[in-house]
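Each remark here refers to the structure printed beneath this line.
The values are calculated or read from the model by the stated rules, or taken from the named source; none is laboratory data. Here the structure is a predicted model, which means the values were calculated and not measured. Cβ placement follows ideal geometry from the backbone for every residue including glycine, while neighbour counts extend to all protein chains displayed.
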Amino acid sequence: MAAAAEPRAPLLAVGAMSGTSLDGVTVALVRIEEPAPYDIRATLLAHRTHPYTEAQRARLAAAVEGGGPRDLAILHADLGTWFADAVEKLLRETGTAAAGVAFVASHGQTVWHEPRRASLQLGSPAAIAERLRVPVVSDFRSRDVAAGGEGAPLVPRADRLLFARIDGPRALLNIGGIANFTVVPRRGEAADLLAFDTGPGVMVIDACVRRLYPGRRFDEDGALARSGRALEGIVAETLGHPFFAAPPPKSTGRETFGEPFAVALLERCRAASAEPADAVATAVEVTARAIGAAARFIPPALTPLDVVRSGGGAKNPALVDALIRCWPGPKHRAFDDLFFDGEAKEAVAFALLGYLTWTGRPGNEPGATGAAGPRVLGSVSPP
């Protein structure tokens, strides 16, 4: 569809998603304006993260690790209800009438991602539309995969439109369960961007903490990693995994860097008689070096002036320190300091992708996913 010749009317949208770390559902109320074609502004009005209960998290983990058809079908329906609950609560807390929301853009919860073959997100859009009486845009990844793409990352389209610098390239690094970065050219420049998954974000670190320190879900403030030392031989051996050497486009998930990967790392640490904190420090070093090493794929024309970090891993001081050491050169900055609370970044990004779908325009970046070309993403469930 051709770009509009006239400004589009501002609208309200809700972005909703749950990441690979299985923390909970994040929802964001966003005002989207487009005063000129592709001059899109997305203003975050409010956001909330609704943590999964331990029982919910256990169901999700079990589904990822091998749930049967019945498990997946029921979880799909239940996740739709959980997403609807989160959106409904956000609208109630902000005094926003559902009738005033143009659409909900729901990424859902990824339970399986196999690059260029399939990507499955659960969370029934019909359940959300039925509850809220609002259109729901969902299933963003399937069309890119059908066009020969990885199906991920998709956030780069939003990174280009919303967060680029005016004076040069910028890297936007998200450290969720999986880490990925987008390097965008300066604002308004039509040059290709670069974006791909670098490997584990907090996924392996958190898995090690849960297994070594019962009752803890993550390394708060990086204290455990700071009290240990990374085991160099194990770091090097772990980074020998073929994913790290593969050139982009590439994407990954729990299928590659989930519990079995973390268990293998812990077994190597135990064989080396490492202390528990040393294993956590080793996982941190693997993550930081994987991100830093991935920078070698950035072409000279896109050498970033700064790296803007967001995601749960961006709040781990030990990981941030290691990252700055492993990726010298550009200035490292927190997304929160430049834009808004980074916890809402991906929910806002999917609201933007939903807007592109809603207005009939492509949401993928073929240079990032490897798809045959730009594609309008997702499906729309009517209210």
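General observations
- In segment 26-66, residue nearest to the chain's Cα centre (by Cα) [restricted to those that are in a strand (DSSP E or B) and among the polar types (S, T, N, Q)]: T26
- Residues (assigned to a strand (DSSP E or B) and among the hydrophobic types (A, V, I, L, M, F, W, C)) located in segment 96-121: F103, V104, A105, V111, W112, A118, L120
- Among the residues of segment 125-149, those identified as in a loop (DSSP other than H, G, I, E, B) and surrounded by fewer than 22 Cβ atoms within 10 Å (Cβ to Cβ) are R133, P135, D139, A147, G148.
- Apart from one condition, S21 fits all of (1) at negative phi; (2) in contact (Cβ under 8 Å) with a residue 24 or more places away in the chain; (3) in contact with a Leu (Cβ under 7 Å, 6 or more places away or on another chain); (4) not in a strand (DSSP E or B); the exception is (3).
- Residue within segment 282-302 that is out of contact with any Ser or Thr (no Cβ under 8 Å at 6 or more places or on another chain), assigned to a loop (DSSP other than H, G, I, E, B) and crowded, with 18+ Cβ neighbours inside 10 Å present: no
- The set of residues from segment 35-50 being free of Cβ contacts under 8 Å to residues at least 60 places away in the same chain and buried (at least 17 other Cβ atoms within 10 Å of the Cβ) comprises R48, H50.
- The residue that is surrounded by the fewest Cβ atoms within 10 Å (Cβ to Cβ), counting only those in segment 348-383 that are small (G, A, S), in contact with a strand residue (DSSP E or B) (Cβ under 9 Å, 6 or more places away or on another chain) and within 20 Å of S251 (Cβ to Cβ), is G367.
- Residue in segment 235-260 that is modelled with the lowest pLDDT, counting only those that are among the hydroxyl-bearing types (S, T, Y) and farther than 18 Å from L154 by Cβ: T256
- Looking across segment 142-170, the residues that are closer than 14 Å to L356 by Cβ and basic (K, R) come down to R143, R157, R160.
- Lone unmet requirement of (1) buried (at least 24 other Cβ atoms within 10 Å of the Cβ); (2) over 12 Å from the mean Cα position of the chain (by Cα); (3) closer than 22 Å to A42 by Cα for A152: (2)
- Candidates A349, A368, filtered to the one that is under 19 Å from L162 (Cβ atoms) and at pLDDT below 95: A368
- Annotation note: Cβ proximity below 6 Å between a residue of segment 187-209 that is in the same structural domain as G311 (by TED's automatic domain parsing) and on the phi < 0 side of the Ramachandran plot and a residue that is in a loop (DSSP other than H, G, I, E, B) and of a type in the set (F, W, Y) (sequence gap 6+ or interchain) occurs for D206/F218; V209/F218.
- Residues that are part of a helix (DSSP H, G or I) and either in contact with an Asp or Glu (Cβ under 6 Å, 6 or more places away or on another chain) or within 21 Å of G19 (Cα to Cα) (or both), drawn from segment 324-340: F335, D336
- Qualifying residues in segment 51-96 (those that are of a type in the set (D, E, K, R) and within 24 Å of G177 (Cα to Cα)) - the one surrounded by the most Cβ atoms within 10 Å (Cβ to Cβ): R59
- Residue ID - nearest to H332 (Cα to Cα), chosen from residues in segment 286-303 that are of a type in the set (V, I, T) and within 22 Å of the chain's Cα centre (by Cα): I291
For every residue, the table says whether it meets (1) more than 19 Å from the chain's Cα centre (by Cα); (2) under 17 Å from R170 (Cβ atoms); (3) charged (D, E, K, R).
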residue: D278; (1), (2), (3): yes, no, yes
residue: V284; (1), (2), (3): no, no, no
residue: L305; (1), (2), (3): yes, yes, no
residue: L319; (1), (2), (3): no, no, no
residue: I324; (1), (2), (3): yes, yes, no
residue: K331; (1), (2), (3): yes, yes, yes
residue: G342; (1), (2), (3): no, yes, no
residue: F350; (1), (2), (3): no, no, no
residue: T369; (1), (2), (3): no, no, no
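- Tallying residues that are of a type in the set (K, R) and free of Cβ contacts under 8 Å to residues at least 12 places away in the same chain within segment 305-349 yields 1.
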